[in-house]
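Asker: One structure, pasted below without further comment.
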């Protein structure tokens with residue numbers, strides 16, 4: 001999975017560019033009986049474009065460096081990574097990773113594929129498709145703003161990519177530069193602009209790579225999970241590893257989806273740590289001053305609501321003339337005028353403006369996320385959300401002479417139909433569809449945003465039914481060097497992932513808690529035994545509890561605990577520092593008399609025989 005889903009970035013030489021949720025299944029004897037993995041939001045744009053100093057996915061560099069000479073010749077890989085547009089955009093100095101041998105890594109990847117049951121012949125089909133994508137990226141699209149796009153018939157990259165994909169070169173050339181509009185009475189074929197043709201070319205590459213990646217995930221799951229054995233599943237441990245909050249100089253649809261996911265996860269974290277904490281204080285009827293925390297429900301509602309950012313984007317994608325400009329106009333109309341203005345100075349989450357139009361831009365919008373305000377460029381939102389290739393190009397891919405390519409496309413189409421039904425059901429459940437009830441669940445081709453939203457809601461439902469533990473990963477510096485600590489950078493991360501907020505509320509709250517009966521059973525020896533049999537103590541365990549606390553805490557430190565309806569709450573560290581210390585002192589003093597008497601008597605017998 002690393003080879004196909006990880007890449008070198010400016011912050012990490014082996015950065016995972018997709019989210020993953022791994023579930024390890026156990027039977028009633030706590031024996032592992034299976035596992036499965038779900039993936040989220042593979043960074044498709046990395047395939048066609050990489051920022052400076054970054055790389056494409058590892059597998060491409062491994063293939064170019066490690067394939068045997070005979071295979072390289074067959075695949076058209078006799079050059080280096082610098083010869084391919086999809087691999088050289090990060091710069092010549094960054095096409096390799098210090099300390100990493102891509103050729104050796106390719107051998108490791110091949111062995112890993114063999115381990116999960118992918119035969120050598122099938123591996124060859126995978127590498128053939130990956131090579132084809134590299135040549136697709138080298139197809140030169142000519143033309144200008146005033147003339148239609150064209151691709152030369154003698155383009156070597158066109159011929160090579162068509163051969164490796166099992167397609168007719170002329171058909172591929174046609175539908176990379178042309179589009180077809182179907183009316184009630186006719187089919188109209190017209191030329192694409194140069195920019196549109198490049199977009200279609202790149203969409204083809206992203207589509208095929210997504211099919212390969214999803215097939216690989218399916219293969220891994222089929223090897224990790226045996227249905228007959230997994231029927232014995234009684235419990236599981238799930239591990240979620242997903243992108244952290246992202247905020248770059250230029251942010252697009254990918255960053256929007258990533259930050260939307262982090263908003264949902266942060267909300268789950270806040271509910272777990274803050275909301276549930278304070279709700280328990282209310283139930284237990286203890287004295288408590290409520291602390292305002294960054295509740296991001298309004299931001300989430302704005303993103304995923306009935307007429308939210310994602311719904312408006314899907315609506316724009318369904319329009320024949322849908323555009324980024326049209327989508328942005330809808331956002332301004334729906335959110336800018338309705339956004340509340342700051343009226344207080346306490347910084348509470350309910351008073352901040354969560355959507356705004358940048359002062360010096362007409363092509364972007366800003367969302368106030370829980371961690372930081374982020375400005376998103378609307379350019380590309382509509383096209384990226386469609387996440388599809390033109391139907392004409394899809395049809396020639398389905399007619400490929402390569403059985404493997406046809407198979408993985410068919411698998412993806414089945415998943416698309418299923419995802420479309422889920423998205424239709426989600427819209428119907430939210431009252432978004434105005435269709436008749438019996439027509440509401442008609443499947444449509446889902447958008448990337450709607451699919452991601454459905455997957456994210458399912459993930460959060462799983463999280464809410466489990467006992468959750470949160471692990472925050474903090475990067476100490478940007479230079480990838482040991483023993484270097486960038487304090488401002490670390491502080492920013494701590495603030496972004498809610499750690500500072502957690503510390504603040506923990507200090508003001510009561511993190512240690514016991515049931516009253518458990519506390520009495522543990523620390524009853526802190527009071528004199530003559531008190532144990534008193535009627536008021538025997539009839540009410542709360543009275544016994546108060547006696548213990550009076551013995552453990554002085555009058556000046558009574559604010560370190562509170563007694564609720566069924567539980568007793570302590571400030572951080574109080575159980576270990578007070579009752580625990582007194583209990584140890586009591587036990588030591590109970591043993592000290594006989595122990596010291598024995599020592600003195602022993603010494604006496606030695607001195608005075």
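Asker: Does residue 195 satisfy the condition of being assigned to a helix (DSSP H, G or I), surrounded by fewer than 16 Cβ atoms within 10 Å (Cβ to Cβ) and modelled with pLDDT under 95?
Answerer: Yes; evaluated as a whole, the condition is true for this residue.
Asker: Which of the following residues is crowded, with 19+ Cβ neighbours inside 10 Å, more than 22 Å from residue 478 (Cβ to Cβ), in contact (Cβ under 8 Å) with a residue 60 or more places away in the chain and touching a strand residue (DSSP E or B) at 6+ places or on another chain (Cβ under 9 Å): 63, 42?
Answerer: Details: 63 fails: touching a strand residue (DSSP E or B) at 6+ places or on another chain (Cβ under 9 Å).
Matching residue, one of 63, 42: 42.
Asker: Can you give me the number of residues within the range 142-154 that are within 26 Å of residue 74 (Cβ to Cβ) and crowded, with 20+ Cβ neighbours inside 10 Å? If you could, list the steps in order and put the result at the bottom.
Answerer: Taking the range 142-154 and keeping what is within 26 Å of residue 74 (Cβ to Cβ), we get 151-154.
Among the residues that remain, those that are also crowded, with 20+ Cβ neighbours inside 10 Å are: 151.
Number of matching residues: 1.
Asker: Among the residues of the range 294-305, is there at least one that is touching a residue at least 40 places away in the same chain (Cβ under 8 Å), more than 29 Å from the chain's Cα centre (by Cα) and under 30 Å from residue 559 (Cβ atoms)?
Answerer: Looking for residues that are touching a residue at least 40 places away in the same chain (Cβ under 8 Å), more than 29 Å from the chain's Cα centre (by Cα) and under 30 Å from residue 559 (Cβ atoms), one finds none in the range 294-305, hence no.
Asker: Oh, and also: So is residue 162 in a helix (DSSP H, G or I) and without any contact (Cβ under 8 Å) to a residue 24 or more places away in the chain or not? Break it down stepwise before answering.
Answerer: On the way: in a helix (DSSP H, G or I): yes; without any contact (Cβ under 8 Å) to a residue 24 or more places away in the chain: yes.
Against the criterion (in a helix (DSSP H, G or I) and without any contact (Cβ under 8 Å) to a residue 24 or more places away in the chain), residue 162 qualifies.
Asker: So if I check each of 280, 315, 263, which one is in a helix (DSSP H, G or I), at pLDDT 85 or above and more than 29 Å from residue 243 (Cβ to Cβ)? It would help to see each step written out before you state the result.
Answerer: Details: 315 fails: more than 29 Å from residue 243 (Cβ to Cβ); 263 fails: more than 29 Å from residue 243 (Cβ to Cβ).
Within the list 280, 315, 263, the selection yields 280.
Asker: Also, quick follow-up: Checking residue 100 against (1) within 29 Å of the chain's Cα centre (by Cα); (2) over 21 Å from residue 10 (Cβ atoms); (3) assigned to a loop (DSSP other than H, G, I, E, B), only one condition comes out false. Which one?
Answerer: (2)
Asker: Could you tell me which numbered condition residue 400 fails, if it satisfies all but one of (1) closer than 30 Å to residue 189 by Cα; (2) touching a helix residue (DSSP H, G or I) at 6+ places or on another chain (Cβ under 6 Å); (3) in a helix (DSSP H, G or I)?
Answerer: Condition (3) is where residue 400 drops out.
Asker: What number of residues in the range 33-48 are farther than 16 Å from residue 256 by Cβ and either part of a strand (DSSP E or B) or under 11 Å from the mean Cα position of the chain (by Cα) (or both)?
Answerer: So the answer is 7.
Asker: Here's a follow-up. Which one is farthest from residue 242 (Cα to Cα) among residues in the range 475-492 that are surrounded by 12 or more Cβ atoms within 10 Å (Cβ to Cβ) and free of Cβ contacts under 8 Å to residues at least 24 places away in the same chain? Write out each step before concluding.
Answerer: First, pick out the residues of the range 475-492 that are surrounded by 12 or more Cβ atoms within 10 Å (Cβ to Cβ): 475-477, 480, 486, 489-492.
Retained after the next criterion (residues that are free of Cβ contacts under 8 Å to residues at least 24 places away in the same chain): 476-477, 486, 489-492.
Numbers: 476: 19, 477: 20, 486: 23, 489: 20, 490: 19, 491: 21, 492: 19 Å.
Ranking the qualifying residues of the range 475-492, first place goes to 486.
Asker: Considering only the range 68-108, state which residues are farther than 23 Å from residue 51 by Cβ and surrounded by 19 or more Cβ atoms within 10 Å (Cβ to Cβ).
Answerer: Selection gives 75, 76, 77, 106.
Asker: Suppose we filter 525, 489 for residues that are more than 23 Å from residue 564 (Cβ to Cβ), touching a helix residue (DSSP H, G or I) at 6+ places or on another chain (Cβ under 7 Å) and assigned to a helix (DSSP H, G or I); which single one remains?
Answerer: Details: 489 fails: touching a helix residue (DSSP H, G or I) at 6+ places or on another chain (Cβ under 7 Å).
After ruling out the rest, the residue left standing is 525.
Asker: Being assigned to a loop (DSSP other than H, G, I, E, B) and crowded, with 16+ Cβ neighbours inside 10 Å is the filter here, so list the residues in the range 375-397 that pass it.
Answerer: Those that are assigned to a loop (DSSP other than H, G, I, E, B) and crowded, with 16+ Cβ neighbours inside 10 Å: 378, 379, 387, 388, 389, 390.
The values are calculated or read from the model by the stated rules, or taken from the named source; none is laboratory data. The model shown is predicted, which means the values in this text are computed figures rather than measured ones. No Cβ is skipped: glycine too gets one built from the backbone with ideal geometry, and neighbour counts run over all protein chains shown.
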